[in-house]
């Protein structure tokens, strides 16, 4: 009965023979992805601006807070109780007229 170790060949196997000696193990296991075609592979922003202005940041924060509040509003109304719920709905309807 022969084992697998007896049938080994000396030298690198077929996969390792295709890899040059200067290639590291990390390059073989995790190759870097190819860069996109084009003269400049960096991300370019239209208009040349980098980052956001103070006003844009303020609007993003405002929209995030309003969105979270609107999503939580049904739960808040449900937990407020029957009396408060009726009074708030009547007040909102009177204010909307």
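The values are calculated or read from the model by the stated rules, or taken from the named source; none is laboratory data. The structure displayed is predicted, hence computed values, not measured ones. Ideal geometry is used to build each Cβ from the backbone, glycine not excepted, and the neighbour counts take in all protein chains shown.
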Go through the residues of the range 37-46 one by one and say whether even a single one is loosely packed, with under 10 Cβ neighbours inside 10 Å, modelled with pLDDT under 90 and on the phi > 0 side of the Ramachandran plot.
yes
Within the range 23-33, can one find any residue that is more than 35 Å from the chain's Cα centre (by Cα), surrounded by 10 or more Cβ atoms within 10 Å (Cβ to Cβ) and either at pLDDT below 75 or part of a loop (DSSP other than H, G, I, E, B) (or both)?
no
